[in-house]
1. Apply the a/c threshold of 1.5 to the C-alpha gyration tensor of the chain and tell me whether it is rounded, prolate or oblate.
2. With θ set to phi - 60°, apply the Karplus curve 6.51 cos²θ - 1.76 cosθ + 1.60 along segment 239-253 and write out the HN-Hα couplings as whole Hz, x wherever there is a Gly or Pro.
3. Nearest 5 is fine: what % of DSSP beta bridges in the chain come out antiparallel, could you say?
4. Please say if segment 271-333 is rounded, prolate or oblate, where rounded means a/c under 1.5 for a ≥ b ≥ c the square roots of the C-alpha gyration tensor eigenvalues, and otherwise the choice is prolate for a/b larger than b/c and oblate otherwise?
5. Report the GluC sites (Glu not before Pro) located in segment 108-155 that are in a DSSP loop and have at most 15 other Cβ atoms inside 10 Å of their Cβ, or state none.
6. Please identify the trypsin sites (Lys or Arg not before Pro) of segment 17-88 that satisfy two criteria: DSSP loop assignment and at most 12 other Cβ atoms within 10 Å. Which are they?
7. Along the charge dipole of the chain, which of Phe107, Val169, Ala117 sits closest to the positive end, that is, farthest toward it, with unit charges on the beta carbon of Lys, Arg, Asp and Glu (+1, +1, -1, -1)?
8. Give me the extension gain from Ile3 to Arg24: residue separation times 0.36 nm, minus the current Cα-Cα distance, reported in nm with one decimal.
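Just so you know, all these numbers are worked out from the coordinates, no wet-lab data involved. On a predicted model such as this, the values are computed, not experimentally measured, just so you know. Here Cβ is always computed from backbone atoms with ideal geometry, including for glycine, and neighbour counts include all displayed protein chains.
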Amino acid sequence: MFIDQVRVSLQAGKGGDGCVSFRREMGVPKGGPDGGHGGNGGSIDFLSDEGLNSLVYFRFHPINKARNGAPGEGANRTGKRGADLTLSVPVGTVVKDEATGEILHDFLKSGEKFRAAKGGKGGRGNASFASATHQVPREHEKGRPGEAKELFLELKMIADAGLVGFPNVGKSTLLSKISAARPVIADYPFTTLIPNLGVVYVGSDESFVAADIPGLIEGAHLGHGLGVQFLKHVERTKLLVHIIDVSPYSGRDPVADFEVVMREIREFNPGLAKRKQVLVANKIDLLGEDMSRLEAVRALAARKKLGFFAISAAKGEGLKQLTAAVGAKIRELKKKDAGGEGR
C-alpha cells in the first residue's frame, strides 16, 4: 500500500517523580535524606531509511508513545530512564506542524535523525533539598510531562527526472524500458495509481533516478483525475521529461495536451512550471505516413527552446539517445547546484 501523507500524534514519556526517603541503617540513629531523582521520560525520534518508500506504517499506527521514566528510589538511586522511541520514515519525508503548517524537518538523505518530541525531565528527590538549615526535607519534585505533538508527514519522492504527461501517453512503458522498474501497464487511462521510481543507467558508473507520475488531465488542480495528488513528487526533481502521445489514436491535439499539462503544473506550483524540461514525442511507430502531429510537437519544442526527442517506448526506438541526453542534462544541473552552494 502506498501512503504519502499521514497525520500522527506523538507523546513523549513523562519524567519519573523524585523520591522522599531517609537512611535507615544500624548504628545511624538519625540518617539523612537519600531520596533519588526520577528518570527522564523517553523521547521520540524520526530516522530516515532508504529502504522504505511509503508512510504506510503510520496509517495503522497514528498514535505513538514513548515510555515514562521510573520514579527515584532510596539510597540516592535514580529511576530508570524511559526508553526512546525511534520511528523510521522514507527518505524525502517532510515533517510539518499540524496546526501551523511549519516545516520542522526535511529528510533528504538516509540515516538522518530528528527529535520530534522530547521526554520530560525526572523530578528531584528530597536529598537535593537538604541544607544546613533544612536537614529533614520532605519536598520532592514531580516528573515533568513529555512533549505532545500533532504532526503531518508528507512524502516527496527524491528523483532526478520526473516523467509527466496525460494518462496513457507511455510514461510507465518508458520507465519499464529504461530501468528495472515494473509499473502496471495497460491500454486504458489511469493504470498508474502511485508514483514509481526507477534507476536509469547511462554508463558503467553513471545513473539517474526517474519518477513516473500518474497522468494529469484538465482540471487536475481542482481535484479531477489523479495526477495532481502526486505532483509533489516531482517538486524535488531537477528535470521534467514531458511525454506527448503523437499517435493518431489518442483523439487529442498533441500541442493542446502540452498546454493543458503545463497549465495544471502552474496552478499547482508556478515554480515547478519553470523547471528545466525536455519534450518527448512518443508512439512514433503508430504514425504511418502522416507526420504532421510529430512535426507540430517538434515545432512546439523549437518555439519553447526545449530539447526534443522522438521515440517509441514500446519498440525501444530512440531510448539510448533520450537517456544519454537526460543523464547529461542532470549531470550539468547537479554541477550547477553544487557550484551555487559553494559560492
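1. prolate
2. Using θ = phi - 60°, the values come out as 9, 9, 9, 8, 9, 10, 7, 9, 5, x, 8, 6, x, 10, 7 Hz.
3. Values: 30 of 56 bridges.
Counting DSSP beta bridges with both partners in the chain, the antiparallel share is about 55 percent.
4. Numbers: a/c = 2.71, a/b = 1.39, b/c = 1.95.
Oblate is the answer for segment 271-333, as a/c is 1.5 or above yet b/c matches or exceeds a/b.
5. Values: sites: Glu112, Glu139, Glu141, Glu147, Glu150, Glu154; in loops: Glu112, Glu139, Glu141, Glu147.
Of the GluC sites (Glu not before Pro), the ones in loops of segment 108-155 whose Cβ has at most 15 other Cβ atoms within 10 Å are Glu139.
6. Numbers: sites: Arg23, Arg24, Lys30, Arg59, Lys65, Arg67, Arg77, Lys80, Arg81; in loops: Arg23, Arg24, Lys30, Arg67, Lys80, Arg81.
In loop regions of segment 17-88 (DSSP not H, G, I, E or B), the sparsely surrounded trypsin sites (Lys or Arg not before Pro) are Arg24, Lys30.
7. Ala117
8. Numbers: separation 21, 0.36 × 21 = 7.56 nm, distance 5.89 nm.
In short, 1.7 nm is gained.
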